[in-house]
Structure formats: C-alpha cells, structure tokens
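Heads up: the structure comes next, in structure tokens.
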Amino acid sequence: MKTGNRVKLFGVLLIGLFVLLLEPIKVNAASLEDLINSVKSGEGVVYNPVSESVLTNEGSLEFVESLESKINNIDYENVPNEILKEAYIETRSSESYALEKEVNLPLIQPKASSVPTTTKYLENGESYTSDQFSGSGWRYSGVKFRFRDWQSNPYFAVKATKDSFYFHITVVGRYVVPKDGAYLWYPARLDEPGSTTVLTGYFSTYNPINGARYYIY
C-alpha cells in the first residue's frame with residue numbers, strides 16, 4: 001500500500017498536473033456475450049452484487065457456466081434479469097474475495113482537480129482508454145461514465161495499468177480497480193425489484209504513478 005504521502009490502493013480484480021482523458025470516443029455498456037468471452041479467456045473476473053465480492057477466475061467460470069446452463073437458446077441480448085439474478089445467487093458462495101472500499105487517507109489532501117460533473121454516455125461497443133496520469137494529490141477522470149443501453153448491454157468492465165484507481169459508482173459505493181489486474185465486470189444498473197436506477201461512475205487516484213491509465217469497456 002502507499003505510505004506517508006502516498007496511498008496505494010489495493011485489491012484484485014472494475015478510472016499530474018493533469019487528469020486527461022482522450023478526446024471523447026463512444027463506448028458501450030458491454031453485452032453478456034462480452035462478459036462470457038472475457039471470463040473464458042482468463043481476461044476478466046465478475047463482481048457478484050449478492051455476495052458483494054469479486055469472484056476468482058474459478059468462481060467467475062462457475063458464474064458463466066450457471067448462466068449458460070440457463071440461457072440455452074435465449075438471445076444473449078435478451079436474457080431476463082431473473083436469470084442473471086439466479087446465477088448471482090447460485091455463485092454467492094463460490095470462491096471470491098472482498099473489494100477494498102475505503103483506505104486511510106492523509107489528513108491533508110491537496111486537490112489540483114475535482115470530481116467530474118460532465119456525464120459521458122457509453123455506447124456503440126468501443127472501449128475507452130484514458131490518457132496517462134501524472135502529478136501529485138488527487139486526480140480524477142474528466143467525465144462521469146453512464147450507460148445508455150443497459151437493457152441489451154447489462155455489463156461494463158474496468159481495469160488499470162501501472163497504478164490502481166478507485167471507481168466511484170453512484171448509489172453503490174467506491175471500489176478499487178487494482179493495477180495490472182484483469183477486467184472487473186460489474187452490472188450496468190442496480191438489480192433490485194422495481195429499480196430503474198442506471199449506474200454512473202468516475203475514476204480517481206491519489207499521487208498517480210506517471211503513465212498510469214484506466215480502461216472501461
């Protein structure tokens with residue numbers, strides 16, 4: 001972990017003088033098929049909102065197997081929420097680990113930038129890579145990310161290179177995106193009875209290592 005003037009965010013796995021993003025490009029909440037392929041290739045792991053933990057590679061494969069056993073001939077883009085929920089419940093006891101939500105931060109927190117207020121909708125199926133981070137103090141993504149079409153694309157994935165980040169998800173909380181980890185797959189909306197809340201998130205990091213980047217897919 002970062003010590004002294006530096007807080008090292010940690011976890012496994014879901015973003016200086018400048019906090020820069022590439023010029024906006026369109027990206028999308030990902031499809032269930034994207035999640036399945038990512039897990040099977042060993043490039044992604046799944047966050048289980050029922051157990052509030054990250055499934056390991058093995059646990060994520062169990063989740064995928066549970067989904068595939070239920071989907072059969074159903075179109076990936078039209079899988080009912082009930083099936084997704086059943087798969088989460090069935091794998092709530094699978095091998096997993098907790099996400100670090102909070103760390104002890106220094107009392108003095110110089111902030112050369114602030115939490116973004118501009119919202120960027122994610123669409124058209126492209127991934128987004130941030131510009132390189134550098135500098136000291138807190139650094140934030142330039143926009144908040146939101147998902148326009150979560151009905152047919154119910155997931156999104158985040159990861160980071162060179163340094164770890166926080167991904168702050170409205171309503172849900174603040175989670176760690178570990179450096180150099182696999183893509184971490186989250187639901188793109190709250191899966192609660194009657195809920196239509198579409199999730200919005202932004203990235204932050206403290207005293208970033210020069211060249212650190214986040215990715216969202």
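So here's what we get for this one:
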{"read-out": "Filter pass, GLU90 being at negative phi, surrounded by fewer than 17 Cβ atoms within 10 Å (Cβ to Cβ), among the acidic types (Asp, Glu) and at pLDDT 85 or above", "value": "no"}
{"read-out": "Enumeration of residues in segment 53-76 that are among the acidic types (Asp, Glu) and either under 20 Å from the mean Cα position of the chain (by Cα) or at pLDDT 80 or above (or both)", "value": "GLU58, GLU62, GLU65, GLU68"}
{"read-out": "Count of residues meeting criterion [at pLDDT 85 or above, open to solvent by 20 Å² or more (accessible area, probe 1.4 Å) and part of a strand (DSSP E or B)] in segment 141-163", "value": "3"}
{"read-out": "All positions within segment 164-185 that are out of contact with any Gly (no Cβ under 8 Å at 6 or more places or on another chain) and modelled with pLDDT of 85 or more", "value": "PHE165, TYR166, LYS179, ASP180"}
{"read-out": "Residue selected from segment 186-209 under the condition hydrophobic (A, V, I, L, M, F, W, C) and at pLDDT 85 or above, by the criterion surrounded by the fewest Cβ atoms within 10 Å (Cβ to Cβ)", "value": "ILE209"}
{"read-out": "Close pairs from segment 62-77: first closer than 12 Å to TYR88 by Cβ and open to solvent by 60 Å² or more (accessible area, probe 1.4 Å), partner at pLDDT 85 or above and of a type in the set (Ser, Thr, Tyr), Cβ under 9 Å, at least 6 apart", "value": "GLU62/THR91; GLU62/SER94"}
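The values are calculated or read from the model by the stated rules, or taken from the named source; none is laboratory data. Keep in mind that what you see is a predicted model, and the values were worked out from it rather than measured. Backbone-built Cβ (ideal geometry, glycine too); neighbour counts: all protein chains shown. All accessible areas refer to the heavy atoms of the entire protein, side chains included, with ligands and DNA or RNA removed. Shrake-Rupley method; radii C 1.70, N 1.55, O 1.52, S 1.80 Å.
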